[in-house]
1. Can you tell me which of Gly141, Gly194, Gly185 is at pLDDT below 95 and either out of contact with any Gly (no Cβ under 9 Å at 6 or more places or on another chain) or within 28 Å of Thr319 (Cα to Cα) (or both)?
2. Give me a count of the residues in segment 397-423 that are among the charged types (D, E, K, R) and farther than 13 Å from Glu364 by Cα.
3. For segment 397-410, which residues satisfy the criterion of being surrounded by fewer than 24 Cβ atoms within 10 Å (Cβ to Cβ) and touching a strand residue (DSSP E or B) at 6+ places or on another chain (Cβ under 6 Å)?
4. Condition (residue is in a helix (DSSP H, G or I) and surrounded by 24 or more Cβ atoms within 10 Å (Cβ to Cβ)) applied to segment 22-44: is it met by at least one residue?
5. Mind listing whichever residues of segment 230-261 are out of contact with any Ser or Thr (no Cβ under 7 Å at 6 or more places or on another chain) and not polar (S, T, N, Q)?
6. State yes or no: is Asp205 at pLDDT 95 or above, in the same structural domain as Met152 (by TED's automatic domain parsing) and within 21 Å of the chain's Cα centre (by Cα)?
7. For segment 191-220, give me the residue count where each residue is assigned to a helix (DSSP H, G or I) and surrounded by fewer than 24 Cβ atoms within 10 Å (Cβ to Cβ).
8. Scan segment 240-262 residue by residue and report those that are among the hydroxyl-bearing types (Ser, Thr, Tyr) and touching a Lys or Arg at 6+ places or on another chain (Cβ under 9 Å).
Amino acid sequence: MKRVAVTGMGIISPIGNQVEGVWNSLVKNQSGIRHIPAWEKIKDLKVSIAGCCQCYDPKRINRKDRRTMGPMAVMATLSTLDALAQAGLDLHQPGSDSSQLNSSKLKIPSKQTGVAMGSTTGSGQTIETMFNDFQETGGIGRLEGTAFMKIMNHSVAANVAATLGIRGRVISPCCACATSTQTIGEGYEIIKNGHQKIMICGGADDLHPSTAGVFDVLNAASRKYGQTPSATPRPFDANRDGLVVSEGAGTLILEEFNHARTRGAKILGEIIGYNTCCDGAHMTTPQAQGMAQCMEGALESAGCKVQDIDYINAHATGTRLGDAAEAHAIAMLGNHKIPVSATKGYTGHTLAASGVMEAIFCLEMMAHSLIIPTRNLETIDPDCAEICHVQKIIEKPLNTVMTSNFAFGGINATLIFKKYHNKKYQDRNDHNKKELP
């Protein structure tokens, strides 16, 4: 079996569009949740806050390539360009600014490179436009030839692959909140078993009020904090009242370990374990037993014991049932001293992008030897109190971390990352270290 390294990361998020900027937002306790005035005009929708991505430049992607992309595919492509640049796999001129890398300068025709990316649905805005046009005209006269490419479930994977000229495997899991955790896990197993040298993995979703409406109807969306958006979501907190829907994208470049070492790449971390499983119980009610089974399977996959885990990044979205079930599941692992935090208090719930974003947060925490606390966790709910919550930044070396995501349908997915000490590169802890707040 092959070892699998992470050599590149890219992100478009409500708290920033570059990994460094996103890390600074986390350290500074900044929220990406905003008031959306337009949503107040939507009949029966009781939610008016969300996490929006701003200031990214779609024109970094060639106009020809953008024609088949909805916002989610645009964000996924941009995060991929940045991840490839960090990995040193781009074809731009040495010394040029990687932040200006665009799709016209980058093609990866190797059969040894694949893509694993997904989204929850296709582009919400495109779907709305299509149905509005059909209802108004009674026909398909306004239907654009590129519309289907924006709304198909594998839109993100297919558009990224086409833009980059990918000739290896392309797969597109579609499991809502667990999507990009699965794409990373599938990419890991593909490389581990020798089928590809490089996998471009991640996920994306764009923002649409219909998504917020789904959670609103299920009484799972945060409503109390419309006038104070940054005060929600509140994972594990006694005063939590639901999740906040957000948008975004993220990409990890996974690479066969020796391939990365041979070309002199900086290794950001290793994936050493992965598991995915189903509760087999209920479409919307979370099951602690299934979550625990998934995490235990990931530990077995990694050859680890729970005592080896230095930190757990929780899925916790801020819902009453979900957070309590997850806290119980983590407690079932048997080590109540593992620091646990949830990062959706900063970004909201980015759906298919949440797994890859949280993987990036974990890799950054390992790189900086810092644990980012759960934002808005002021009063720990007694139903969630059986685990070791992180409520302020902790300075601690992190060698092995676990991150999980749990989706509708009882779809569970867990990854385990291990820190790699690059002898060739100075540890970023020693470079430009800033005083903590």
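1. Values: Gly194 fails: at pLDDT below 95; Gly185 fails: at pLDDT below 95.
Answer to the selection: Gly141.
2. Here is the first cut: in segment 397-423, the residues among the charged types (D, E, K, R) are 418-419, 423.
Pick out the ones that are also farther than 13 Å from Glu364 by Cα and you get 423.
Going through segment 397-423 one residue at a time, the tally reaches 1.
3. Once the filter is applied, which keeps residues that are surrounded by fewer than 24 Cβ atoms within 10 Å (Cβ to Cβ) and touching a strand residue (DSSP E or B) at 6+ places or on another chain (Cβ under 6 Å), segment 397-410 yields Leu398, Thr400, Gly410.
4. First pass over segment 22-44, keeping only residues in a helix (DSSP H, G or I): 22-27, 37-41.
If we keep only those that are surrounded by 24 or more Cβ atoms within 10 Å (Cβ to Cβ) too, we end up with 22.
Scanning segment 22-44, I find at least one residue that is in a helix (DSSP H, G or I) and surrounded by 24 or more Cβ atoms within 10 Å (Cβ to Cβ), so the answer is yes.
5. First pass over segment 230-261, keeping only residues out of contact with any Ser or Thr (no Cβ under 7 Å at 6 or more places or on another chain): 231, 234, 240, 252, 254, 256-259, 261.
Within segment 230-261, Ala231, Arg234, Arg240, Leu252, Leu254, Glu256, Phe257, His259, Arg261 meet the criteria.
6. Numbers: at pLDDT 95 or above: yes; in the same structural domain as Met152 (by TED's automatic domain parsing): yes; within 21 Å of the chain's Cα centre (by Cα): yes.
So Asp205 passes the test.
7. Residues of segment 191-220 assigned to a helix (DSSP H, G or I): 191-192, 209-217.
Keeping just the survivors that are surrounded by fewer than 24 Cβ atoms within 10 Å (Cβ to Cβ) gives 192, 209-211, 213-217.
The total comes to 9.
8. We begin by selecting, within segment 240-262, every residue among the hydroxyl-bearing types (Ser, Thr, Tyr); these are 246, 251, 262.
Within segment 240-262, just Ser246 meets the criteria.
The values are calculated or read from the model by the stated rules, or taken from the named source; none is laboratory data. As the structure is a prediction and not an experimental result, all values here were calculated from the model. We place every Cβ from the backbone using ideal geometry, glycine too, and count neighbours over all the protein chains shown.
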